[in-house]
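Engineer: To start, I am sharing the structure in question, which I have written as structure tokens.
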Amino acid sequence: METATEKCKQNFNKPLAITMRRKGSPHLITIDTDKDPHFSHVRIIKRATGEVKGTHFILTSDVQQWVGVYRADGFIPVEGGDQ
């Protein structure tokens, strides 16, 4: 099974699906590949309601940078959104 760090590596043949969570935060961060594998969607989702609170459209090659930004804010990659 792939770890979250391995999922962050750029590979245009495999779609991304990363979920990040910070302890005590009501939000999840999801990063997944668009139809065009050169782009990815970043979504900030409220866990209680599933409401999308914010979105970013980024280059897939920049995913590692974005994961680093969210890690600096205390978010860590998790296998599922309910952890």
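Engineer: Which number comes out as Rg/Rh for region 4-78 once both Rg and the Kirkwood Rh are worked out on C-alpha atoms? Don't skip to the answer; put the middle values down first.
Structural biologist: Details: Rg = 11.8 Å, Rh = 12.4 Å.
Computed over Cα atoms, the ratio is 0.95.
Engineer: Describe numerically, in nm with one decimal, the distance between label points set 7 Å from Cα along Cα→Cβ at residue 46 and at residue 69.
Structural biologist: Here the modelled spin labels are 2.3 nm apart.
Read-outs: derived from the displayed coordinates by stated rules, not from any lab. Note that the coordinates shown come from a computational prediction; the quantities given were computed from them, not determined experimentally. Methodologically, a virtual Cβ is constructed for each residue, glycine included, from the backbone with ideal geometry; neighbour enumeration extends over all protein chains shown.
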